[in-house]
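The values are calculated or read from the model by the stated rules, or taken from the named source; none is laboratory data. Predicted, not measured: the structure shown is a model, and the values here were computed from it. Every residue, glycine among them, receives a Cβ derived from its backbone with ideal geometry; neighbour counts consider all protein chains shown.
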Amino acid sequence: MQTKQNNSGQFISSIVSVISVAGVGYLFSDIIGYRSVALILLLTVSVLAMRLSLYPVLLAALLSALIWDFFFIPPRFTFHVNSYEDVLMLAMYFIVALLNGVLTSRIRFFEKMAGEKQAKTQTLELYNTLFDALSHELRTPIATIMGASDHLLYGEQNLAERDQKTLVREINKASERLNHLTENLLNLSRLESGFIQPKTDWCDMSELVYNVVNRLEDVLHKHRVVVEIPENMPLVKLDFGLMEQVLQNLLLNAAKHTSEGSRIVIAAQAQHQECIIDISDSGDGFPAADLPHVFEKFYRSRQAGAGGVGLGLSIVKGFVEAQGGRISVESLPGSGAHFSIRMPVELNYLKPENDD
């Protein structure tokens, strides 16, 4: 039904366009001459051919030829043409208009086919990339869980308590890795579907940051994590859950790409109705060639270590932009990576109660 309406609209557009141009040409035909009007009508058909489908363009070509013959070629207001030269011009005009419409439509068709083929190729490449990465990312923790659980279930009865705790700890770490991967895939699905609707509420930035840091204690305990938030930091209105995921992915990325004992700094401040969050590390940073692609889906630097599917930072960008914010990254050789988030927020400075 909608396709039929679109086709009807194209036919109407072609008719209105040709008649409108012909009407303007008729007003100035005594000045520019009737042959110049033919060129203007031919240009109109060419423009329509770039925008409309084949049959509306053919209609425009036929209609423009009839209008030029009836209203412009002497004698006017008749389809009779006295001059053989004008007969030849009218025939050539009609042929050129038709060929122009057909050829332009075919070009647009092949461009569309090429675009669809390219899109399919890109989709296939992304699928292969995701499949390869997932097959590795899933295999490792699953193998860990199966191996550790086999030892616990079918191991010797005199398995030391310390060894049991080690196996349980390995299962827990592998489960967390699987959970993080699942969260990223679900978040990617939410971003792709456009179903993310931020639910803003008043948040304490210190509470938000320390919630994430404490949750990632097992990952960050070998790093020196520094939190820099002013004591007079006001409450900010944002989506607590989305920002937790943003900070978690950034901190996991920092921990993964820095050595043990390195420094990770999380700073937050309020400034001019904006909440500014900076996360810096003292690792090797990103190569200059990687910086334009850091937030792309499935992109992984050639220098990146094993593991990861290249979703974490693209989800960070999607969640930040879903709340109207923006994120940028800087990296200097030997100075690590620096992510900066700027979120437009409402601020609430709580006033302390007066002591009596």
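The table for this structure:
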{"item": "Test result for residue 260, more than 21 Å from residue 328 (Cα to Cα) and either free of Cβ contacts under 8 Å to residues at least 12 places away in the same chain or in the same structural domain as residue 176 (by TED's automatic domain parsing) (or both)", "result": "no"}
{"item": "Wholly enclosed strands (runs of 3 or more DSSP E) of the range 211-299 bearing at least 2 residues crowded, with 18+ Cβ neighbours inside 10 Å", "result": "235-238, 263-271, 274-281"}
